[in-house]
1. Considering only residues of segment 39-63 that are part of a strand (DSSP E or B) and within 16 Å of ligand 2 (Cβ to nearest atom), which is surrounded by the fewest Cβ atoms within 10 Å (Cβ to Cβ)?
2. Could you list, ordered by first residue, the pairs with Cβ atoms under 7 Å in which the first is in segment 161-179 and in a strand (DSSP E or B) and the second is of a type in the set (Ser, Thr, Tyr) and within 16 Å of ligand 1 (Cβ to nearest atom), at least 6 apart or interchain?
3. Among the residues of segment 250-300, write down those that are touching a strand residue (DSSP E or B) at 6+ places or on another chain (Cβ under 9 Å), acidic (Asp, Glu) and assigned to a loop (DSSP other than H, G, I, E, B).
4. Would a scan of segment 170-188 turn up a residue that is small (Gly, Ala, Ser) and away from ligand 1 (no atom under 16 Å from the Cβ)?
5. Examine segment 127-150 for a residue that is assigned to a strand (DSSP E or B), at pLDDT 95 or above and touching a Leu at 6+ places or on another chain (Cβ under 6 Å), and state whether such a residue exists.
6. What number goes with the only condition from (1) crowded, with 19+ Cβ neighbours inside 10 Å; (2) part of a loop (DSSP other than H, G, I, E, B) that ALA245 does not pass?
7. Tally time: how many residues in segment 198-213 are of a type outside the set (Val, Ile, Thr), away from ligand 2 (no atom under 16 Å from the Cβ) and surrounded by fewer than 21 Cβ atoms within 10 Å (Cβ to Cβ)?
Amino acid sequence: MPVPEAPSTVPSSPALVRFEGVYKTYDERNWVVDNLDLDIRQGEFLSLLGPSGSGKTTTLMMLAGFDAPERGRILMDGNDISTLPAYKRDMGVVFQSYALFPHMSVAENVAFPLNLRKVPTAESKARVKEALALARLEGFEDRNPSQLSGGQQQRVALARALVYRPRMLLMDEPLGALDKALREHMQLELKAIHKQLGITFVYVTHDQDEAMTMSDRVAVFNEGKIAQIDCPQAIYNRPSTRFVANFLGETNMLEGVVLSVSGGQAQIRLSEDSSIHQAGCTDPELAAGSMAALAIRPENLRLAAPGEAAVQACVIDSVFHGAHCKLRLNMAKGSELSMTYNPGNLGRAAPMPGEMLSLALPGSQAMILR
Ligand code: ADP
Ligand code: MG
């Protein structure tokens with residue numbers, strides 16, 4: 001496929017698309033998309049991640065031009081495209097249901113967008129060949145969709161979306177119907193295709209692993225709003241809300257009162273044992289006196305060194321998972337903690353149920369959240 005390699009993203013590249021104060025309702029009562037601001041950068045792989053009903057598909061449909069905002073604007077290259085018809089937007093779309101034409105062959109399905117655009121036959125043939133190669137479908141040209149597996153049908157949908165070389169590829173849970181192994185394989189292929197083409201990908205999923213493994217940036221959706229948008233590492237390590245912390249993996253939450261906030265850090269006094277801890281804080285609404293929680297991932301808890309500030313917790317149970325062990329612990333007033341550790345790195349015998357442990361809460365790996 002004669003497409004040059006392009007870097008998967010340029011971190012500070014300008015916005016290709018901008019959502020400005022976009023609202024959408026279906027029942028005139030609830031905002032399904034609620035004052036959404038979003039910049040989509042040229043060439044990035046952006047995932048819209050969130051639970052079912054959080055407004056991801058609605059956002060994608062407005063981006064694709066299958067739906068229009070009630071209020072606000074969508075800009076592409078600075079031009080308002082809010083009401084521009086889908087076929088004029090230069091975006092390929094892949095849905096979870098493959099939406100292939102059952103009576104057409106694979107090649108005819110892929111050629112369909114080119115026929116609509118009246119691309120001459122010779123060029124159409126060359127482009128279909130190119131798109132089929134990109135989706136690894138050489139040799140399947142003459143089959144009908146019914147003669148293909150789910151994964152192969154989704155490749156046809158992908159080839160069809162890419163055949164007219166759109167500036168953006170939009171995908172809505174495209175791998176949702178595939179089994180886990182095939183899904184993981186397709187994730188790697190999609191990432192490779194993104195790198196090869198250098199165009200902008202916008203990918204809707206409710207699967208946090210999928211979003212984290214493929215994306216340059218992840219926008220976490222909650223109730224029609226973006227709770228946080230950043231690179232996967234930042235979303236995971238520095239969540240800005242409890243919702244984000246809990247949606248992406250497991251997090252311990254220790255409740256308390258904020259004592260002070262400054263320079264991206266805050267101090268909290270835990271209700272559990274009145275101990276005082278410092279951790280990251282990015283929430284502008286938090287101030288001295290606010291109720292908050294110290295959020296720390298199970299893999300970031302560790303055994304305290306002698307003399308180090310620590311909390312005391314009693315081991316409830318210990319489960320061996322192979323690569324790691326997982327402890328469930330209780331503090332004196334009932335706060336629960338979960339801790340994972342690598343048995344080879346603990347430097348002591350495995351903790352047993354009933355044992356009291358002194359645990360450090362490293363502030364550089366913890367956040368204070370509202
Ligand atoms: P997601 O893709 O995150 O699961 P959606 O954007 O599909 O969320 O839906 C957001 C909300 O809007 C849900 O409560 C859903 O029931 C509602 N909704 C979506 N599409 C329609 C529609 N065509 N008519 C009425 N309600 C809809
Ligand atoms: Mg959806």
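1. Restricting attention to segment 39-63, the residues satisfying the condition of being part of a strand (DSSP E or B) are 39-41, 45-49.
Filter again for within 16 Å of ligand 2 (Cβ to nearest atom), leaving 46-49.
Numbers: LEU46: 24, SER47: 29, LEU48: 28, LEU49: 29.
Of everything passing the filter in segment 39-63, LEU46 is surrounded by the fewest Cβ atoms within 10 Å (Cβ to Cβ).
2. The qualifying pairs are MET171/TYR203; ASP172/THR57.
3. Listed by number, the residues that qualify are GLU250, GLU272, ASP273, ASP283.
4. So in segment 170-188, the residues small (Gly, Ala, Ser) come out as 176-177, 181.
Applying the additional criterion that residues be away from ligand 1 (no atom under 16 Å from the Cβ) yields 181.
Among the residues of segment 170-188, at least one is small (Gly, Ala, Ser) and away from ligand 1 (no atom under 16 Å from the Cβ), which makes the answer yes.
5. Within segment 127-150, the subset assigned to a strand (DSSP E or B) is none.
No, there is no match, as no residue in segment 127-150 is assigned to a strand (DSSP E or B), at pLDDT 95 or above and touching a Leu at 6+ places or on another chain (Cβ under 6 Å).
6. (2)
7. First pass over segment 198-213, keeping only residues of a type outside the set (Val, Ile, Thr): 198, 201, 203, 206-212.
With away from ligand 2 (no atom under 16 Å from the Cβ) added as a condition, the list becomes 198, 201, 209, 212.
With the extra rule that they be surrounded by fewer than 21 Cβ atoms within 10 Å (Cβ to Cβ), the set shrinks to 198, 209, 212.
Residues meeting the conditions: 3.
Per-residue answers, yes or no, for (1) over 24 Å from ILE368 (Cβ atoms); (2) surrounded by fewer than 17 Cβ atoms within 10 Å (Cβ to Cβ):
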| position | (1), (2) |
| --- | --- |
| HIS277 | no, no |
| MET291 | no, yes |
| LEU301 | no, no |
| GLN312 | no, yes |
| VAL319 | yes, yes |
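The values are calculated or read from the model by the stated rules, or taken from the named source; none is laboratory data. Keep in mind that what you see is a predicted model, and the values were worked out from it rather than measured. Virtual Cβ from ideal backbone geometry, glycine too; neighbours counted across all protein chains shown. In case anyone asks, the SASA skips ligands and DNA or RNA and just uses the protein heavy atoms, side chains included. Shrake-Rupley method; radii C 1.70, N 1.55, O 1.52, S 1.80 Å.
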